[in-house]
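Take a look at the following structure, please.
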Amino acid sequence: MSSRYITQREVEQKTGLSSATLHRLRRKGRFPDPIKIGERRIAWPENEIDTWLATRERQPLRSASAF
């Protein structure tokens, strides 16, 4: 199954995560590593990002009354 490759900017837009958060999650092994597609360019297979989004744990929002 082939997949389209998406840039870091596209990953940030799709996930709602900042570049710093992506880096931190990758370092902890909690986010897929990118693939080097050029000398100075990386990208992610879009299907890996879609799978990560579909399987990650959903964190409930804290209610205002909990403060």
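Residue by residue through the range 21-27, which ³J(HN,Hα) values in whole Hz follow from phi under the Karplus form 6.51 cos²θ - 1.76 cosθ + 1.60 (θ = phi - 60°), with glycine and proline marked x?
With the stated coefficients, the range 21-27 comes to 5, 4, 4, 4, 5, 4, 4 Hz.
Would you work out what percent of the accessible area of the range 1-46, with all protein chains in place, is carbon or sulfur (probe 1.4 Å)?
That share works out to 44 percent.
Between residue 17 and residue 4, what length comes free when the chain is fully extended (0.36 nm per residue of separation minus the Cα-Cα distance, one decimal in nm)?
Numbers: separation 13, 0.36 × 13 = 4.68 nm, distance 1.99 nm.
Net length gain for the segment: 2.7 nm.
Through the Karplus equation 6.51 cos²θ - 1.76 cosθ + 1.60, θ set to phi - 60°, convert the phi angles of the range 39-56 into ³J(HN,Hα) values in whole Hz; use x for Gly and Pro.
With coefficients 6.51, -1.76 and 1.60, one gets 4, 10, 9, 10, 7, 10, x, 4, 5, 5, 5, 4, 5, 4, 4, 6, 10, 5 Hz.
Which of rounded, prolate, oblate describes the range 1-57, given a ≥ b ≥ c as roots of the alpha-carbon gyration tensor eigenvalues and a/c under 1.5 marking rounded, otherwise prolate only if a/b is larger than b/c? Show your work: numbers first, answer last.
Working: a/c = 1.57, a/b = 1.15, b/c = 1.37.
Oblate.
Search the structure for amide H atoms under 5 Å from the amide H of residue 6, placed 1.01 Å from N in the peptide plane, and list their residues when 5 or more places away or on another chain.
44, 46
The values are calculated or read from the model by the stated rules, or taken from the named source; none is laboratory data. No experiment lies behind these values; they were computed from the predicted model shown. Each accessible area value is taken on the protein alone, full model and side chains, heavy atoms only, with ligands, DNA and RNA left out. Shrake-Rupley method; radii C 1.70, N 1.55, O 1.52, S 1.80 Å.
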